[in-house]
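These notes are about the structure you will find just below.
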Amino acid sequence: MPGMSGRFSTVIKAKINRMLDKAEDPAETLEYSYQKQMELLQNVKKGIADVVTSKKRLQLQQQKLEQQVVKLDTQARQALAQNREDLARVALERKQFAQTELQGLDSQVQELESQQQQLVDKEAKLRSKIDQFRTKKEVIKAQYSAAEASVRISEAASGVGEEMADVGMAMQRAVDKTENMRARANAMDELEASGAFDDQLSLTAGQDDIDRQLHELSSASAVDDDLARLRAELGQGPAPQQALGSGDPAQTPAPAPAPPTPSEERPA
Amino acid sequence: MIVRIATEGQYDFPDDDADRLNELDNDVVAAVEAGDEEAFLTAFASLLELVRSDGKPVADDVLEESDVIIPPPDLTFAEAGHQFTGDGLIPD
């Protein structure tokens, strides 16, 4: 390419050309070439179906996490009603973790959604190019000498070939990304099954101690907020802000543990 | 000339702009070789932007090979480095 000495843009082109060169000479076996194109079109359809399947799996995972959030919230409520703040806190910590995961899943599902749409568009484009190839090869066969026809059809086939290589690359990238998401979702399933959710940080590997502590701090305050909210809903204790601010034990109305002596004045 | 942005599509790109394209391409390579991720992201974005703004999308029924193929827009820095050392996006 005159004027294009930059390697970056030409690296892929060189590879695609090498790949096309390895394929059978399309001009030799026209019908075979067309058959091959139709086959590859089927592969694209299959690739799209794979993306849809992965998306559905992630959506299932989403639903499970949503249920878990509700369940943990209920458990926290029950624990609090029985004055088990420690248990409530654990439940709410897990809930925070599940909610964080849920947010991650949301964006992953959206990404898959857009990849699916892109693949559908590309499939339509490839289909129209293959149609064009079919028409063109008939015209070329009718109008040109055998040698000339061979060159022209070869050119057209390369054009289609490049499009296919490109759809193939788009599909491969979508599948790779999907695989990563799937692996993560599977890992979560397994962790959940093995009860490893107890260690809420086990999924965020690679964090150092400071990250960990910061995470604990921020999730602790979210948990405090949640605790205050539940208390308020259960009619326990004071307004949420107060419960949050003071580290005082909850003022429970019913069988509050009485102070050791019913004396009225306490040392200041 | 025809420029393809991989996984996106082909553009009919004015020959007059080839030098600019070439410059940006060299910037991208330089950034990758220097291990400068930020410079890579900036240069690569400019490269894509140039093709999209100055090029006209090629019709779906055109069967032409591209003169230049640019890697996919979602290319990561790690993948870019891999282009020059390993098999890259398309294994040999």
* Does A:L119 satisfy the condition of being over 30 Å from A:A76 (Cα atoms) and either assigned to a helix (DSSP H, G or I) or within 14 Å of another protein chain (Cβ to nearest Cβ) (or both)? -> yes
* **Some residue of segment B:50-59 being exposed (fewer than 15 other Cβ atoms within 10 Å of the Cβ), at pLDDT below 90 and more than 7 Å from chain A (Cβ to nearest Cβ)** => yes
* Asked: Which one of B:A45, B:A80 is farther than 20 Å from A:K13 by Cβ and in a helix (DSSP H, G or I)?
  -> B:A45
* To do: Residue by residue through segment A:50-59, note down the ones that are closer than 13 Å to A:Q172 by Cα and of a type in the set (A, V, I, L, M, F, W, C).
  => A:V51
* Asked: Is it the case that A:K46 is modelled with pLDDT of 65 or more, among the charged types (D, E, K, R) and exposed (fewer than 14 other Cβ atoms within 10 Å of the Cβ)?
  -> yes
* Structure fact -> Quick count over segment B:1-24, residues being touching a residue at least 24 places away in the same chain (Cβ under 8 Å) and either facing another protein chain (nearest Cβ under 10 Å) or acidic (D, E) (or both), is 14
* Could you identify the single residue in A:E162, A:E111, A:E93 that is within 12 Å of chain B (Cβ to nearest Cβ), of a type outside the set (K, R) and buried (at least 19 other Cβ atoms within 10 Å of the Cβ)? => A:E162
* Asked: Can you find even one residue in segment A:60-81 that is farther than 16 Å from A:M181 by Cα and hydroxyl-bearing (S, T, Y)?
  -> yes
* Of the conditions (1) surrounded by 14 or more Cβ atoms within 10 Å (Cβ to Cβ); (2) more than 12 Å from the chain's Cα centre (by Cα), B:L47 fails just one. Which one is it? -> (2)
* Restricting attention to segment A:127-140, does a residue exist that is of a type in the set (K, R), crowded, with 18+ Cβ neighbours inside 10 Å and free of Cβ contacts under 8 Å to residues at least 24 places away in the same chain? -> yes
* To do: Among the numbered conditions (1) surrounded by 22 or more Cβ atoms within 10 Å (Cβ to Cβ); (2) touching a helix residue (DSSP H, G or I) at 6+ places or on another chain (Cβ under 7 Å), tell me where B:Q10 comes up short.
  => (2)
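Looking at segment A:128-150, which of its residues are of a type outside the set (K, R) and within 13 Å of chain B (Cβ to nearest Cβ)?
Matches in segment A:128-150: A:S128, A:I130, A:D131, A:Q132, A:F133, A:T135, A:V139, A:I140.
The values are calculated or read from the model by the stated rules, or taken from the named source; none is laboratory data. Fair warning: this is a prediction, and the values are worked out from it, not measured in the lab. In this analysis, Cβ positions are derived from the backbone assuming ideal geometry, glycine residues included, and neighbour counts consider all displayed protein chains.
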